Amino acid sequence: MGEADTTAAPDRRLRSLDPATGNLVAELPLHAPAEVGEAVHRARRAAEYWSELPWQERRRALLRWAAHLVRDADALCALVHAENGKPADDAYLELALALGHIRWAARHAGRAVAARRVAPGTLMANFQARVERRPLGVVGVIGPWNYPVNTPIGSIAYALAAGNTVVFKPSEHTPAVGRFCVEAFTAANPGLPVGVLGAVFGEGGTGAALVASAVDLIAFTGSAATGRKVMASAAERLTPVLLELGGKDPVIVAADADVESAAEAVAWGAMSNAGQTCIGVERVYVERSVAGRFHAALRDELRDIRAGGAYGPMTVPEQVDVVRRHLVGALEAGGTALVGGPDALRPPYIDPIVLVDVPESHPAMQEETFGPLVVVRTVDDVEQAVQLANGTRFGLGATVFSRRHGLAIARRLRCGTVSVNAMLAYAAIPALPFGGMGDSGFGRIHGLEGLHAFTRTQALARRRFPIPGMTLPTFRRGPGTMRLLRAALNRLHGHAR
Ligand code: NAD
């Protein structure tokens, strides 16, 4: 059991259900604000020990965690399948990503936190100047249900590797998966003090209590609507926040693309995990000269793909309503269905839906659908594709298919991360920083930037020896010093070279 269990009020329970059957999967404690405060307090105490460990010790602890998760992979994947609904093989793919993050963070934290000497400048030549990075203290991690292993671990591993302790609140829809991951860390590291990685369970109220608690940073992953609340509440204590929010990710298929491979990638990127992927494909812009071929190839790709087989049910019932609203509204607004249609909705399952000719201003083109529904639009040229791709409030990920101009097109996209000629490739490269802009949030997790995000920078200037007559910040400064300063400034700045 996670250490947080012992502090739960006995009469308050959190129940998670299998989205396919409605059966009870797990019953956990539901933590009240006071219990969240206690978990943060335990993490604070543990931080005194954990932050002082040499980073190699933390690396070992993290690698032991990864080894434990690999050994128990089948049990973990079965739990992910039960709580989230995705096929066990997809859960295993998700675990692969998470393990990549643990390993990368563990192995690179030493370099990321290493002190750096910087030049003190001519006027301060008698000083040594250093930039050092220290852990923040206690990090609160709040996670969503769609990737209940990889998403939180993509923050937790980096926060721990950088020397912080963590209090993790998993989604109320996947709490047992969250508990499993935390217990695996404890089991892999029985010698560590309680509270290095702890968990609190509950709904939004428990998350809100964590945001309002004495944590030093909140790493939040979830919807833009909740992200706004998190940021507003964190402002009370000026607690910094990292916000990983939703997306409306576009794909651009240029005239010189490998059209069949683009269709294969779009089919998977839009439908896998029942479309419940923050960086999943929601919009496709195809150049006119290849649009017909792309439509045909996409139809072929999806011909035998069904919910309940290739991918699972919608994890939360409200998500079906969003898909229905976007589908019905888009058809009323003049869109047509290339694949699927209203019959595709058979809750909790939704079969693949591809729409074309939906007006750009329609919610189906502007709001996150977060379901197996994708809209394909024909464009005149790449210029128009880029403009439309940049036309929503979101800016998380994007994909470009073009044999010759992929990177050039990618650089023009207003988003945090782009994959060229492949789907979601950046998500499988732990060294690449991840995060968005606009309604997709801000801050970066993963990679070196992700490690830095969980540290505070301290600047140190040490006088090595005095230079007689050249001390500037003193009441003893005389006219001679000012003459020298004027001469020095003329030499240093009196030219434009
Ligand atoms: P959500 O915003 O409903 O919930 C996320 C978490 O926040 C849950 O643990 C929830 O209990 C908690 N929460 C709810 N109210 C809160 C409050 N007032 N204060 C603090 N915490 C609170 O999101 P969700 O439905 O669980 O997840 C789906 C969303 O997450 C989608 O928009 C998806 O795009 C996004 N997402 C983003 C990324 C990313 O890395 N950018 C990754 C995965 C999912």
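The values are calculated or read from the model by the stated rules, or taken from the named source; none is laboratory data. What you see is a predicted model; the values in this text were computed from it and never measured. Ideal geometry is used to build each Cβ from the backbone, glycine not excepted, and the neighbour counts take in all protein chains shown.
Out of Ala428, Ala422, Ala389, which single residue is more than 30 Å from Asn23 (Cα to Cα), in contact with a Pro (Cβ under 7 Å, 6 or more places away or on another chain) and modelled with pLDDT of 95 or more? Explain how you work it out, then say what you get.
Numbers: Ala428 fails: in contact with a Pro (Cβ under 7 Å, 6 or more places away or on another chain); Ala422 fails: in contact with a Pro (Cβ under 7 Å, 6 or more places away or on another chain).
The conditions single out Ala389.
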Can Gly312 be described as within 30 Å of Asp18 (Cα to Cα), in the same structural domain as Met271 (by TED's automatic domain parsing) and away from the ligand (no atom under 15 Å from the Cβ)? yes
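Looking at this structure, is Val194 more than 12 Å from the ligand (Cβ to nearest atom), farther than 22 Å from Val149 by Cβ, touching a helix residue (DSSP H, G or I) at 6+ places or on another chain (Cβ under 8 Å) and not small (Gly, Ala, Ser)? So that I can check it myself, show each step before the final result.
Working: more than 12 Å from the ligand (Cβ to nearest atom): yes; farther than 22 Å from Val149 by Cβ: yes; touching a helix residue (DSSP H, G or I) at 6+ places or on another chain (Cβ under 8 Å): yes; not small (Gly, Ala, Ser): yes.
Criteria met by Val194.
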Among helices (runs of 4 or more DSSP H) entirely within region 305-399, at least 2 residues that are of a type outside the set (S, T, N, Q) and surrounded by fewer than 19 Cβ atoms within 10 Å (Cβ to Cβ) occur in 317-332, 382-389
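Confirm whether Gly450 is assigned by TED's automatic domain parsing to the domain that holds Ser51 and within 16 Å of the ligand (Cβ to nearest atom). Spell out the reasoning first.
Working: assigned by TED's automatic domain parsing to the domain that holds Ser51: yes; within 16 Å of the ligand (Cβ to nearest atom): yes.
For Gly450, the condition - assigned by TED's automatic domain parsing to the domain that holds Ser51 and within 16 Å of the ligand (Cβ to nearest atom) - is met.
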inquiry  = Residues that are part of a helix (DSSP H, G or I), among the hydroxyl-bearing types (Ser, Thr, Tyr) and free of Cβ contacts under 8 Å to residues at least 60 places away in the same chain: does region 92-101 have at least one?
reply    = yes
Condition set of a type in the set (D, E, K, R) and within 18 Å of Asn126 (Cβ to Cβ), scope region 463-490, selection surrounded by the most Cβ atoms within 10 Å (Cβ to Cβ): answer is Arg477
Of the candidates Glu332, Glu367, Glu360, Glu318, the one satisfying the condition of being outside the structural domain of Gly22 (by TED's automatic domain parsing), within 21 Å of Thr392 (Cβ to Cβ) and within 23 Å of the chain's Cα centre (by Cα) is Glu367
Residue pairs within 8 Å by beta carbon, gap of at least six or interchain, first lying in region 406-421 and in a loop (DSSP other than H, G, I, E, B), second of a type in the set (Lys, Arg), listed first then second, are Gly416/Arg444; Asn421/Arg403
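Each row is one residue, and each column tells you yes or no for (1) out of contact with any Pro (no Cβ under 8 Å at 6 or more places or on another chain); (2) within 12 Å of the ligand (Cβ to nearest atom).
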{"site": "Phe201", "(1), (2)": "no, yes"}
{"site": "Leu210", "(1), (2)": "yes, yes"}
{"site": "Phe220", "(1), (2)": "yes, yes"}
{"site": "Gly227", "(1), (2)": "yes, yes"}
{"site": "Leu238", "(1), (2)": "yes, no"}
{"site": "Ala254", "(1), (2)": "yes, no"}
{"site": "Ser261", "(1), (2)": "yes, no"}
Here the qualifying pairs (Cβ atoms under 9 Å; residues six or more apart or on different chains; first in region 313-338 and under 17 Å from Asp351 (Cβ atoms); second among the basic types (Lys, Arg)) come out as Thr315/Lys86; Leu338/Arg299
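Among the listed residues Gly469, Gly443, identify the single one that is within 16 Å of the ligand (Cβ to nearest atom) and not basic (Lys, Arg). Break it down into steps so the answer makes sense when it comes.
Details: Gly469 fails: within 16 Å of the ligand (Cβ to nearest atom).
Exactly one of Gly469, Gly443 is within 16 Å of the ligand (Cβ to nearest atom) and not basic (Lys, Arg), namely Gly443.
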Note: among Gly447, Gly438, Gly391, Gly478, just one is touching a strand residue (DSSP E or B) at 6+ places or on another chain (Cβ under 8 Å) and of a type outside the set (S, T, N, Q), namely Gly447
Looking only at region 443-458, decide whether some residue is part of a helix (DSSP H, G or I) and within 30 Å of Val323 (Cβ to Cβ). no
Matching residues in region 411-439 (small (Gly, Ala, Ser), closer than 15 Å to Val281 by Cβ and either within 15 Å of the ligand (Cβ to nearest atom) or surrounded by 21 or more Cβ atoms within 10 Å (Cβ to Cβ) (or both)) number 2
The residue from Val382, Val375, Val400, Val386 that alone is in contact with a strand residue (DSSP E or B) (Cβ under 8 Å, 6 or more places away or on another chain), away from the ligand (no atom under 16 Å from the Cβ) and under 28 Å from Gly85 (Cβ atoms) is Val375
